[in-house]
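Asker: To start, I am sharing the structure in question, which I have written as structure tokens.
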Amino acid sequence: MSEKTILKLQLPTDPIWVKNVVESNIEEILTDHAFCEQKAASNAITLIVQNPNLADLVQEMIALAQEEMEHFKRVHVIILQRGYQLGKERKDDYVNELRKFIIIGGGREAQLIDRLLFSAMIEARSCERFKVMAENINDKQLAEFYHELMISEAGHYTMFIRLAKKYAVNVDVDKRWKEFLAYEAEVIQNYGKRETIHG
């Protein structure tokens, strides 16, 4: 099965991105990736802070935050092994554009479901990008690393979708997810050209 079938993403990343951008900017990619992991951990913690009454969600987000920080550590080790330095945090325009689609107002349930679907969307695209990198990068260590993380991100994506369906009462999750996918397809047309995971 293709990542489009599994993740439902409407616009795949052109593998040329790996050859033309990623391979000549490994240090930049690794720094951006490290901070993506840190932001994913922060997102999990935010979901805990906003929903302390949802015990199952809290437990899942604790585990997720720990895993994302472990990934951050692993990326940092690769950075150090290669004689690079962890640079400054990069602005993630893709994520910021996705965030604009989250419902403001509309009640706690609608906001929670949108936050979970927003998180699922980022994990889905990250999974797809890691797959493209794993299959096309001319670097054995990074190819294996990104293949492993691709599998991890797919698990995170399905977890967020599952939680959204669990906590939805008045929200049609499948309908809202299709709306997210359509919006993301418009957003992602402007990306896949820069030396960042989502750029």
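Every number in this text was worked out from the coordinates using simple rules, so none of it is lab data. Just so it is clear, the structure is predicted and the values come from calculations on it, not from any experiment. FYI the Cβ positions are ideal-geometry reconstructions off the backbone, even for glycines, and counts take in every protein chain you see.
Asker: Among residues other than Ser24 whose Cβ falls under 15 Å from its Cβ, what is the net charge (Lys/Arg +1, Asp/Glu -1)?
Answerer: In short, -2.
Asker: Nearest 0.05, what FRET efficiency do Gln81 and Ser24 give at R0 = 22 Å with Cβ-Cβ as r?
Answerer: E between Gln81 and Ser24, to the nearest 0.05, is 0.70.
Asker: Okay, moving on. What residue among Phe180, Phe35, Phe101 shows peak mean-square fluctuation when the chain is described by a Gaussian network model with Cα springs under 10 Å?
Answerer: Result for the chain, Cα springs under 10 Å: Phe101 fluctuates most.
Asker: If you don't mind, another one. Compute the helix-to-body angle for 140-167: its Cα long axis versus the longest principal axis of the chain, expressed 0 to 90° and rounded to tens.
Answerer: 10
Asker: Now a separate question. Can you tell which of Ser126, Ser152, Ser24 shows the greatest fluctuation in a Gaussian network model of the chain with Cα springs below 10 Å?
Answerer: Ser24
Asker: Report relative contact order for the chain in percent, whole number only (criteria: Cα-Cα under 8 Å, sequence separation at least 6).
Answerer: Normalised by residue count, the contact order of the chain is 31 percent.
Asker: Same structure again: Please compute the modelled spin-label separation between Lys91 and Lys193, points set 7 Å along Cα→Cβ, answer in nm with one decimal.
Answerer: Distance between label points: 1.7 nm.
Asker: Can you flag which of Lys91/Lys165; Lys73/Lys165; Lys8/Lys165 are past 25 Å Cα-Cα?
Answerer: Table pairs above 25 Å Cα-Cα are Lys91/Lys165; Lys73/Lys165.
Asker: Rounded to the nearest 10 degrees, what's the angle between the helix 55-81 long axis and the longest principal axis of the chain, both from Cα atoms, 0 to 90?
Answerer: Its long axis makes an angle of about 10 degrees.
Asker: Just to confirm the number: angle between the C-alpha axis of helix 108-136 and the first principal axis of the chain, 0 to 90 degrees, nearest 10?
Answerer: On a 0 to 90 degree scale, this one is about 20.
Asker: Near Lys19, which lysines are there with a Cα under 19 Å away, not counting those fewer than 8 places off in the same chain?
Answerer: Within the straight-line limit of under 19 Å, Lys19 reaches these lysines: Lys131, Lys140, Lys193.
Asker: Between segment 143-199 and segment 78-140, what is the separation of their alpha carbon centroids in Å?
Answerer: 8
Asker: A follow-up question, please. Among Gln81, His147, Ser126, which residue has its Cα positioned farthest towards the positive end of the charge dipole of the chain, with +1 placed on the Cβ of Lys and Arg, -1 on the Cβ of Asp and Glu, and the dipole taken about the Cα centre?
Answerer: Of the listed residues, the answer is Ser126.
Asker: Right, next: Enumerate the aspartates and glutamates that Lys100 could reach by cross-link, defined here as Cα to Cα under 20 Å, with residues fewer than 8 away along the same chain left out.
Answerer: Within the straight-line limit of under 20 Å, Lys100 reaches these aspartates and glutamates: Asp92, Glu109, Asp114, Glu123, Asp172, Asp174, Glu179, Glu184, Glu186.
Asker: Treat each spin label as a single point 7 Å out from the Cα along the C-beta direction, and report the Lys175 to Glu144 distance in nm.
Answerer: Placing both labels 7 Å along Cα→Cβ, they lie 4.9 nm apart.
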